[in-house]
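Visitor: Below is the structure I would like to discuss, written out as structure tokens.
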Amino acid sequence: MSDIFGSDAFLPKEIAQRVNDVGVAKVGLPFLSLLMLGMLAGAFIGLGALYFVLIKSDASLGFAISQVLGGVAFSLGLILVIVAGAELFTGNNLLAMAWAEGKISTAQILKNWLVVFFANFTGAAGLAVLVFLSGHIDMNQGAIAEQYIKIALIKSNLPFWSAFFKGVLCNVLVCMAVWMAFAGRSVTDKVMAIVFPISAFVAAGFEHCIANMYIIPLAMLAQTFGNTDLAVAAITWSGFFSNLVPVMMGNLVGGSFFVALVYHIIYRRNHS
């Protein structure tokens, strides 16, 4: 049927089958493999966030340009996850489709999400420590360190429901990027499918819990041990978790309900 549309991409109905099959494979991964792939994903998303903050630190760029260019740069994170291979909590919210079809159990999906979430945190926070020790944040006369701190303060002070709905919208776009990457047969296909949804969520200022696991800890390190003298409020662990909890909840709802379960109803409900 794909010949009708002049493309060799997988059709949406075929994507749904592939998402189901991959979901079954993911819950069957050995614990150590899952843990290490989760750590890689956290670091990969952190690298995308690093790229984003680098661009945002350039004060000569206009708001829209810096947001869009920063979003394109941030796409590096999911490209690494999809092409190089890693386990990302927000992308794995698509496992809800295989769960809804009864191919994986509630215990299996919760175990996957829990292990991957904490592995992502380890990878993202670990990268933050390495980046801080490298001296990267002192570039651009310390503007990069200041940008991390400014971004982290905004995130730490978001009202609960604002953070939640920003998380919902973010992971709708992230999971759509993953979904469309399943349509591709080549690396080029996958990259093109990823860049626009990811750059859109970043440009719009939505919230990704794994990216925040890198940005906020690095900002805390910069504020506590760095060379910046930016006179702003302190970034605290309580502020970090006041962001992380609602954003994680929003990401979970956006990916598992508004993408995975919606497509389950459209393409797979009669197969259950």
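Read the figures in this text as sums done on the coordinates, not as results from a lab. All values derive from a computational prediction rather than experimental measurement. In this analysis, Cβ positions are derived from the backbone assuming ideal geometry, glycine residues included, and neighbour counts consider all displayed protein chains.
Visitor: Checking K26 against (1) in contact (Cβ under 8 Å) with a residue 40 or more places away in the chain; (2) part of a loop (DSSP other than H, G, I, E, B), which single condition isn't satisfied?
Guide: Result: K26 passes all but (2).
Visitor: Any residue in segment 62-82 that is within 24 Å of A125 (Cα to Cα), among the hydrophobic types (A, V, I, L, M, F, W, C) and not in a helix (DSSP H, G or I)?
Guide: Within segment 62-82, none of the residues are within 24 Å of A125 (Cα to Cα), among the hydrophobic types (A, V, I, L, M, F, W, C) and not in a helix (DSSP H, G or I).
Visitor: Can you tell me which residue is nearest to L69 (Cα to Cα) among those in segment 166-190 that are of a type outside the set (D, E, K, R) and more than 15 Å from the chain's Cα centre (by Cα)?
Guide: Checked segment 166-190; the qualifying residue nearest to L69 (Cα to Cα) is T188.
Visitor: Scanning segment 158-215 for residues that are part of a helix (DSSP H, G or I) and of a type in the set (D, E, K, R), which turns out farthest from N92 (Cα to Cα)?
Guide: In this case the residue turns out to be D189.
Visitor: For segment 147-204, enumerate the residues that are more than 16 Å from V81 (Cβ to Cβ), basic (K, R) and touching a helix residue (DSSP H, G or I) at 6+ places or on another chain (Cβ under 7 Å).
Guide: K155, K166
Visitor: Does segment 148-165 contain at least one residue that is among the hydrophobic types (A, V, I, L, M, F, W, C), within 22 Å of W179 (Cα to Cα), surrounded by fewer than 24 Cβ atoms within 10 Å (Cβ to Cβ) and without any contact (Cβ under 8 Å) to a residue 40 or more places away in the chain?
Guide: Within segment 148-165, none of the residues are among the hydrophobic types (A, V, I, L, M, F, W, C), within 22 Å of W179 (Cα to Cα), surrounded by fewer than 24 Cβ atoms within 10 Å (Cβ to Cβ) and without any contact (Cβ under 8 Å) to a residue 40 or more places away in the chain.
Visitor: When you go through K111, K103 one by one, which is the residue that is in contact (Cβ under 8 Å) with a residue 40 or more places away in the chain, over 15 Å from L47 (Cα atoms), surrounded by 18 or more Cβ atoms within 10 Å (Cβ to Cβ) and of a type in the set (D, E, K, R)?
Guide: Exactly one of K111, K103 is in contact (Cβ under 8 Å) with a residue 40 or more places away in the chain, over 15 Å from L47 (Cα atoms), surrounded by 18 or more Cβ atoms within 10 Å (Cβ to Cβ) and of a type in the set (D, E, K, R), namely K103.
Visitor: Here is a check on your reading of the model: is G85 of a type outside the set (A, V, I, L, M, F, W, C), surrounded by fewer than 18 Cβ atoms within 10 Å (Cβ to Cβ), without any contact (Cβ under 8 Å) to a residue 60 or more places away in the chain and within 20 Å of F206 (Cα to Cα)?
Guide: No; evaluated as a whole, the condition is false for this residue.
Visitor: Continuing with this model, one more query. So is T106 out of contact with any Asp or Glu (no Cβ under 7 Å at 6 or more places or on another chain), closer than 19 Å to V247 by Cα and among the polar types (S, T, N, Q) or not?
Guide: Here the answer is no, as T106 does not meet what is asked.
Visitor: I would also like to ask the following. Which residues, taken from segment 118-130, are buried (at least 23 other Cβ atoms within 10 Å of the Cβ) and not small (G, A, S)?
Guide: Those that are buried (at least 23 other Cβ atoms within 10 Å of the Cβ) and not small (G, A, S): N120, L127.
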